[in-house]
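A.B. asks: First the structure, then my questions, so here it is.
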Amino acid sequence: MDSAHTMSLSSLLHGIRNDSSMLQKFLYSHDLSTPPKFIMKFIKNIPDIVVQPESTEDVLKILEVAKQNRIPVTPRGAATSAYGGAIPLKGGIVVDLSRMNGFEVDEDARLLKAEAGAVWWDVQKELVRKGLSLRVYPTSAPSSTVGGWVAVGGYGIGSLKYGGIADNVASLTVADFSGVKVVDESKVSRFVGLCSATGLIINAEIRLREFSEDKPYAEHMSIEDAVKVIESVKGSDNPVHSALFIDSSFLSMKNQVKGTDLPEKDTLLLCDGKESNSLGEELWEDRFYPMRIKMLGPSLVTFEALIPLDRVPEFYREAKRITGSRHGFEASVLLFMPSDERRFSYTLHWLKVLKLLKLARKLGGKEYGYGLWLSHRSRYREDFEELYEYKREADPHNLLNPGKFFPEGAIPRLMSLAELTAVVV
């Protein structure tokens, strides 16, 4: 789009907070991931305009303008994931939902009713005052938004007992080109994990639990022993809701960044057991900041996958062989590799992520999320054709976050080709 078109967009969206300055557009052109430069040549990640709606009516007006002018719309929360789900593929309008951040609590029904821009930890602090708690929340809870994490289909703190966010959504309110609709839990799979490619999530009802004090306990043990312990504490009747295995490499990097002297040994961290200890409390307090090790990079390549628990030890051993010694490992599985995007080695680290994904699938696992970078893998979902048909009905011109979940353009072909070269031996 030329500057005149951008100016006309601004006038068409009059009354809704918007910005077309180059600095603002650059800030909205990426998420936590920084792909290799050769990949970025195939997308237009700089938006033409950034808008910040404050109401459902604002969102509907944005969609009306987008439909009339055939302009792509990219919704955005806090962009704390690394899958490219919140960055534009073809420029257009970025819809920053952070100003729609209201929420209320139905204490009797134990339900949270939150707008898409509500921040998880703001919600949790209010819930605690009412004697309630979120069942699950992301490790990025101090900044991550409700709509964003639902759109990613996240797993996080509490998932050992309560599953992913998809298992805790009671209903969603979404907006598309036909208006606003409320979707009950039988149909939320059309939206959770699809990066709002089938409709903009503007409100969510989330199930809650009674509040109980966190009692984190940590003990040094091997990955094999950790899996045995986790197997023994799984189940709805067990008070343990979270388990994090943190390997010695990750703890070494945390020490370097923070100047601490944590024991650099493989460690299992459990929460809501019958007791706590000082190491557990220190690691639990730091659960929101795993990406601090980015300071060692100065860039960070991340990998996430869902792997059957009994195959995690095998994955861990092979992952260490693939990535080398400079990595950090936490099991859902979440792995970090400090790198430097200015160097060619950064591209090699990205290829290692594809190797890890191949390894995860070989062991019966699957992708944590899709977004833009892994959209080529969505076709392997059993419900892909059903979801694709719904996408065509709700968004016939493919304007809702194009290229996310539903593959489009050069990126899926490039990633598929790169995956073919990522041989796991």
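A.B. asks: Give me the helices (runs of 4 or more DSSP H) completely within the range 1-77, filtered to those with at least 1 residues that are of a type outside the set (Val, Ile, Thr), at pLDDT 85 or above and over 21 Å from the mean Cα position of the chain (by Cα), ordered by residue number. Give the steps one after another, and end with the answer.
C.D. replies: Values: elements: 3-12, 22-27, 37-40, 56-69.
Correct list: 3-12, 22-27, 56-69.
A.B. asks: On to the next question. Quick check: is even one residue across the range 277-284 surrounded by 14 or more Cβ atoms within 10 Å (Cβ to Cβ), hydroxyl-bearing (Ser, Thr, Tyr) and farther than 30 Å from GLU104 by Cα?
C.D. replies: no
A.B. asks: May I pose another question? Out of (1) among the small types (Gly, Ala, Ser); (2) outside any loop (DSSP other than H, G, I, E, B); (3) touching a residue at least 40 places away in the same chain (Cβ under 8 Å); (4) more than 26 Å from LEU374 (Cβ to Cβ), what's the single condition that is false for ALA151?
C.D. replies: Among (1) among the small types (Gly, Ala, Ser); (2) outside any loop (DSSP other than H, G, I, E, B); (3) touching a residue at least 40 places away in the same chain (Cβ under 8 Å); (4) more than 26 Å from LEU374 (Cβ to Cβ), the lone unmet condition for ALA151 is (4).
A.B. asks: Which residue, of PRO88, PRO138, is within 19 Å of the chain's Cα centre (by Cα) and outside the structural domain of PRO47 (by TED's automatic domain parsing)? Let's see the steps before the verdict.
C.D. replies: Values: PRO88 fails: outside the structural domain of PRO47 (by TED's automatic domain parsing).
Within the list PRO88, PRO138, the selection yields PRO138.
A.B. asks: Taking strands (runs of 3 or more DSSP E) that fall entirely within the range 167-257, which contain at least 1 residues that are without any contact (Cβ under 8 Å) to a residue 24 or more places away in the chain and in contact with a Gly (Cβ under 8 Å, 6 or more places away or on another chain)? Reasoning before the result, please.
C.D. replies: Working: elements: 169-176, 179-184, 200-210, 217-220, 242-246.
Because the criterion is at least 1 residues that are without any contact (Cβ under 8 Å) to a residue 24 or more places away in the chain and in contact with a Gly (Cβ under 8 Å, 6 or more places away or on another chain), the strands (runs of 3 or more DSSP E) in the range 167-257 that meet it are 179-184.
The values are calculated or read from the model by the stated rules, or taken from the named source; none is laboratory data. These numbers were taken from a predicted model, which means no experiment stands behind them. Please note: Cβ atoms are built from the backbone with ideal geometry, for glycine as well, and neighbour counts cover all protein chains shown.
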